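Notes follow once the structure below has been shown.
The values are calculated or read from the model by the stated rules, or taken from the named source; none is laboratory data. Please read all numbers here as calculations on a predicted model, not as lab measurements. A quick note on method: Cβ atoms are made from the backbone with ideal geometry, for glycine too, and the neighbour counts reach across all protein chains shown. For accessibility, only protein heavy atoms count, side chains too; no ligands or nucleic acids. Shrake-Rupley method; radii C 1.70, N 1.55, O 1.52, S 1.80 Å.
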Amino acid sequence: MKILAIMGSPRGRGAGYKIVKMVEERMKAMGDAEFEYLFLKEADLKPCIGCFNCVARGEDKCPLKDARADIEKKMLEADGIILSSPGYVQNVSSHMKNFMDRFAYTNHRLRFFRQKVLLVANSGGAGLNETLAAMRIALGGARVVHELGVGTPPWPQTIGAVAKKEKAISFAAEKFYRACLDTSLPSPTFNEYMRFLIQRNVAFGCKEWLPADFEFYSGKDYFYETKISPAMGAAARTLVGLMMGMMKDMGPGEVKWPMEAKK
Ligand SMILES: Cc1cc2nc3c(=O)[nH]c(=O)nc-3n(C[C@H](O)[C@H](O)[C@H](O)COP(=O)(O)O)c2cc1C
């Protein structure tokens with residue numbers, strides 16, 4: 001299996017790298033696991049300039065000329081993706097945040113359905129949950145199979161704490177390895193199907209403002225070929241119909257806002 005580890009530390013090979021290397025060693029002991037590391041601090045991935053072209057008009061309309069498309073290709077070729085970030089002020093590092101911003105369009109037009117994700121956060125001890133939570137939706141369509149938060153304070157650890165961390169790393173490696181063996185595309189759960197219907201509705205309702213989404217969702221009954229049970233389909237469509245009615249106020253409407261200042 002192919003694993004791509006995306007490393008968000010500005011230090012490169014710091015504490016987070018040591019943890020991911022431990023995951024690698026354990027996975028290799030279980031069987032075939034080929035690891036590739038992408039260090040975001042060295043990657044050709046420019047800072048997002050906020051033009052919104054990738055979301056609205058399509059990622060091919062991004063004005064930044066860099067390796068974004070190559071990185072997406074690498075992710076699509078992987079069976080498993082590790083997202084690793086140190087906790088900075090109880091959130092992800094700026095490198096990881098930029099990576100997430102540059103792939104924001106994948107939450108509009110989901111694509112990583114075959115990929116399993118392991119999230120790894122490390123910090124002095126605070127903000128591990130917040131850092132993990134921030135990475136949870138980074139890759140549209142991917143299944144996060146485990147979240148590993150490890151305290152890596154700059155002082156020596158007690159034997160008990162080290163044993164606990166080692167156990168957590170072994171558990172994460174095993175769970176991730178097993179998940180990556182399954183390359184099937186599962187039938188969607190009720191919530192996943194709901195999400196598809198909502199996003200398709202928004203795309204159709206806002207086709208003028210989100211033409212790339214409109215094109216993506218046109219002619220699709222789900223993100224990929226799969227069976228939707230008639231009962232689940234009917235229940236989800238009814239619920240989404242009600243929800244869209246309740247959310248009518250969100251537009252599109254007639255008023256341009258914020259209003260332009262009167263001269
Ligand atoms: C700018 C900055 C902010 C940080 N914020 C936190 C924090 O909110 N909570 C915490 O426990 N550690 C914090 N740390 C400590 C790092 O998370 C910790 O040193 C981590 O092990 C670094 O991982 P790395 O070696 O993989 O880069 C911060 C470090 C830096 C440089």
Within the stretch 102-131, how many residues turn out to be among the hydrophobic types (A, V, I, L, M, F, W, C) and within 9 Å of the ligand (Cβ to nearest atom)?
3
Using beta carbons and a limit of 9 Å, which pairs, at least six apart or on different chains, have the first residue in the stretch 244-263 and open to solvent by less than 100 Å² (accessible area, probe 1.4 Å) and the second one of a type outside the set (A, V, I, L, M, F, W, C)?
M244/N201; M244/G205; G251/G205; P252/G205; P252/E208
Please verify whether the stretch 93-113 includes one or more residues that are part of a loop (DSSP other than H, G, I, E, B), open to solvent by 10 Å² or more (accessible area, probe 1.4 Å), out of contact with any Phe, Trp or Tyr (no Cβ under 6 Å at 6 or more places or on another chain) and polar (S, T, N, Q).
no
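Take the conditions away from the ligand (no atom under 15 Å from the Cβ), assigned to a loop (DSSP other than H, G, I, E, B), over 24 Å from D32 (Cα atoms) and without any contact (Cβ under 8 Å) to a residue 60 or more places away in the chain and apply them to A138. Does it pass?
yes
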Within the stretch 70-86, can you find the residues that are open to solvent by 20 Å² or more (accessible area, probe 1.4 Å) and not acidic (D, E)?
K73, K74, L76
Residues of the stretch 218-246 being under 25 Å from the mean Cα position of the chain (by Cα) and either closer than 19 Å to P186 by Cα or in a helix (DSSP H, G or I) (or both), which ones?
K220, D221, Y222, F223, Y224, E225, T226, K227, I228, A236, V240
Suppose the filter is open to solvent by 70 Å² or more (accessible area, probe 1.4 Å), under 30 Å from I3 (Cβ atoms) and part of a loop (DSSP other than H, G, I, E, B); does E208 pass it?
no
What is the number of the single condition among (1) over 24 Å from the mean Cα position of the chain (by Cα); (2) surrounded by 16 or more Cβ atoms within 10 Å (Cβ to Cβ); (3) among the small types (G, A, S) that A203 does not meet?
(1)
Of the numbered conditions (1) free of Cβ contacts under 8 Å to residues at least 12 places away in the same chain; (2) in contact with a strand residue (DSSP E or B) (Cβ under 8 Å, 6 or more places away or on another chain), F39 fails exactly one; give the number of that condition.
(1)
Go through (1) closer than 16 Å to I6 by Cα; (2) more than 16 Å from the ligand (Cβ to nearest atom) for N53 and report which single condition fails.
(1)
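Look at the stretch 149-164 and say how many of its residues are assigned to a helix (DSSP H, G or I) and touching a residue at least 60 places away in the same chain (Cβ under 8 Å). Talk me through it step by step, then tell me what you get.
Going residue by residue through the stretch 149-164, those that are assigned to a helix (DSSP H, G or I) are 159-164.
Subset that is touching a residue at least 60 places away in the same chain (Cβ under 8 Å): none.
Residues in the stretch 149-164 being assigned to a helix (DSSP H, G or I) and touching a residue at least 60 places away in the same chain (Cβ under 8 Å): 0 in total.
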